[in-house]
Amino acid sequence: MDYSSYPRHDVLCIDMRSFYASVEAMKLNEDPMKVMLAVVGDPNRSGSIILAASPALKQRYGVSNVSRYFELPDDPNIIVVPAHMADYLNVSVEITKLLHDYAPPEAIHQYSVDEVWITVNGLQKLFGSRQEIAYKIQRDILDRFGITSSIGIGDNKFLAKVVMDLHAKKTGIAECKYEDVPEKLWPTPVQNIWGIGHRMMKNLHRMGIVTLGQIANYKLELLQKRFGVMGEQLYWHAWGIDLSPVFGDFTKQEQKGFGHGISLLRDYTREEVSYCILDLCEEVCRRARTAGTAGRTIQLSISYSKETAGGFSRSRSIDIPTNVTMDMYGVCMQLFQEFYDGKSMIRHVYVTLTKLFDQTDVQLDLFEDRAKKNDIGYVMDAIRDKYGSTAILRASSYTDAGITLERSKKIGGHFA
């Protein structure tokens, strides 16, 4: 591969090791790398998931982020703490502010609460080489927050991310240039490569492809024929080529729709689920109104409990775009009545509003006072913005089947 025509950037991918557990360890004045600590979504539920385990706990007992609370060993040295999502978000914001000391906002791309890309092109005179900048950032994060980080360095985002996942988590800092791809990346099993999920792994295995190097040496035309655009991306990534922008406003994304869902803590009956659907529609329409948009396509997805399994996902388009809660709720209930099997208990509910239009482009209806219906929604939004998300709720939200009150105490599905 001739890399001379491809851009070379100085990109760092920074990952906070066992981030949630590290934040909790610092709050307890414990060493995040030595203490055995588990962050549990809800310690009152034995089946609750372990959101994070400290490195020492992972190493000694093999606890992972997919383990359950009841699977923790009976060891008095293990510290169990509930998740505090607001604390993790606050620390994440402060770490991002620290990165602003090294690069402008347009060079920083927040990938998740504990992972971020930063492009340090042209900063050699200020801070040294990209390796020296990585060491300085790593040291600053440790000194200010007590959190250990892993940093991958690459000529683009993909190389920085993958070398961080594969090598930096073992060595602290690792680098991969275009020329290093055959040695550092090609021997890696495909399932360990960022962007390749379980389904794609199975498809590749059926083709006799088990390592990244085999993708690189497979015919591009055959990969395109089998996987389309994804096959082309697989091929170029296998050669370490990624043309994703490294500068820009990465906080702005085109909104194609609004969705909201929940995994219920217990099985819901046919009668109870209507309250849950109403609460979800309320949140989706509130977000659409805040964005000044309305949608034409409404989708309802239902999953049954493990005893019966199955479910359905159906959508319906309406003539006039809406962001009115009761309009969306009415369509969702039509879909539910049509496709629900009539007997199964329900465990997962998801609603979506898509095919968005600007609110100002929505035509009036001569047979319905839509302006009045819209005004009610905006007034409720204003009250919630001023006095809190639970300042005004529908009566159904106060029933045992309502979900808004409980979710108002959480961030990302976990208690703040």
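Panel note: the C-alpha atoms of the stretch 199-327, placed on their principal axes, show extents of 55, 44, 29 Å (largest first).
Out of every Cα-Cα pair that the stretch 145-236 contains, those further apart than 23 angstrom amount to 27 percent. What the pair-distance distribution of the stretch 239-310 shows, using all Cα-Cα distances binned every 10 Å from zero, is 13, 34, 24, 19, 10, 1 percent. Start at zero, step by 10 Å, and the Cα-Cα distances of the stretch 129-189 spread as 24, 52, 20, 5 percent across the bins. For the stretch 52-61, the Karplus equation 6.51 cos²θ - 1.76 cosθ + 1.60, evaluated at θ = phi - 60°, returns couplings of 7, 10, 5, x, 5, 5, 4, 5, 7, 10 Hz by residue, with Gly and Pro reported as x. Here LYS343 is the anchor, and the lysines within straight C-alpha reach of less than 16 Å, apart from those fewer than 8 places off in the same chain, are LYS306. Calculated on the Cα set of the chain, radius of gyration then Dmax: 24.6, 70 Å. Our analysis of the stretch 161-205 gives Rg over Rh at 1.01, with the two radii drawn from alpha carbon positions and Rh computed by the Kirkwood formula. Given a cut-off of 17 Å, what percent of all Cα-Cα pairs of the stretch 1-59 lie beyond it? Of the Cα pairs, 54 percent sit more than 17 Å apart. Shown are TRP236, TRP186, TRP117, whose ranking by accessible area with a 1.4 Å probe and every protein chain present, most to least, is TRP236, TRP186, TRP117. Summing charges over all other residues whose Cβ lies under 15 Å from the Cβ of ILE392, with Lys and Arg as +1 and Asp and Glu as -1, gives -1. For the chain, the mean residue ellipticity at 222 nm estimated from helices alone is -11000 deg cm²/dmol, where every DSSP H run of n ≥ 4 contributes -39500 (n - 2.57) and the total is divided by all residues, rounded to the nearest 500. Taking a Cβ cut-off of under 9 Å around ILE346, the surrounding Lys, Arg, Asp and Glu residues balance to a net charge of 0, with basic ones at +1 and acidic ones at -1. Of the solvent-accessible surface of the chain, computed with a 1.4 Å probe and all protein chains present, 52% belongs to carbon and sulfur.
Each Lys and Arg contributes +1 and each Asp and Glu -1, all at the Cβ; summed about the Cα centre of the chain, the dipole is approximately 600 debye. Hey, if you put +1 on the Cβ of every Lys and Arg and -1 on every Asp and Glu Cβ in the chain, which of LEU356, VAL181, ALA25 ends up farthest toward the positive end of that dipole? Result: VAL181, furthest along the dipole toward the positive end.
Take the convex hull of the alpha carbons in the stretch 269-400; its mean projected area over all directions comes to 8.6 nm². Scanning residues 5 or more positions from LEU72 or on other chains, none has an amide H under 5 Å from its amide H, with H placed 1.01 Å from N in the peptide plane.
Dipole orientation for the chain: of the candidates GLY402, PHE127, SER315, SER315 has the Cα lying most toward the positive pole (charges on Cβ; Lys, Arg +1; Asp, Glu -1).
Towards the positive end of the charge dipole of the stretch 209-352, with charges on Cβ (+1 Lys, Arg; -1 Asp, Glu), say which of ALA216, GLN337, VAL284 has the farthest Cα. Checking the options against the dipole of the stretch 209-352, the answer is ALA216. Note on the stretch 30-169: the C-alpha convex hull projects to 9.2 nm² when averaged across all orientations. Note on MET333 and GLU132: their simple-model spin labels are 6.8 nm apart, each label 7 Å out from Cα toward Cβ. In the chain, the sites counted are trypsin sites (Lys or Arg not before Pro) in DSSP loop states with at most 14 other Cβ atoms within 10 Å, and the longest stretch holding none of them, exclusive of the sites, is 46-218.
Past the 13 angstrom mark, what percentage of all C-alpha to C-alpha distances in the stretch 39-79 do you count? In whole percent, the share of Cα-Cα pairs in the stretch 39-79 beyond 13 Å is 47.
Fully extending the segment from ASP385 to LYS27, taken as 0.36 nm per residue of separation minus the present Cα-Cα distance, adds 125.8 nm.
Charged side chains reduced to their Cβ positions (Lys and Arg at +1, Asp and Glu at -1) give the stretch 239-378 a dipole of some 220 debye around its Cα centre. Over 28 Å between C-alpha atoms is what I'm after, so list which of LYS256/LYS373; LYS97/LYS157; LYS27/LYS170; LYS136/LYS170; LYS161/LYS202; LYS34/LYS177 land there. Pairs exceeding the cut-off: LYS34/LYS177.
Kirkwood Rh over alpha-carbon pairs of the stretch 98-142, then Stokes-Einstein at 10 °C and 1.306 mPa s: what D in µm² s⁻¹, rounded to an integer? The diffusion coefficient I find is 145 µm²/s.
Put a dot 7 Å past the Cα of LEU89, heading toward its Cβ, do the same for ASP358, and the two dots end up 3.0 nm apart. For THR293, the residues whose amide H sits under 5 Å from its own are GLN359, ignoring neighbours fewer than 5 places away on the same chain, with H placed 1.01 Å from N. In this structure, the amide hydrogen of SER149, modeled 1.01 Å from its nitrogen in the peptide plane, lies closer than 5 angstrom to those of ARG17, counting only residues at least 5 positions away or on a different chain. List the longest stretch of the chain that has no exposed loop site; here a site is one of the GluC sites (Glu not before Pro) assigned by DSSP to anything other than H, G, I, E or B, with at most 13 other Cβ within 10 Å. It works out to 1-253. Once the Cα-Cα distance is subtracted from the 0.36 nm per residue extended length, the GLU179 to GLU71 segment shows a gain of 34.5 nm.
The values are calculated or read from the model by the stated rules, or taken from the named source; none is laboratory data. Keep in mind it's a predicted model, so treat the numbers as computed, not measured. Because the Cβ atoms are built from the backbone with ideal geometry, glycine has one as well, and the counts that use them run over all protein chains shown. SASA here: full protein model, heavy atoms, side chains in, ligands and nucleic acids out. Shrake-Rupley method; radii C 1.70, N 1.55, O 1.52, S 1.80 Å.
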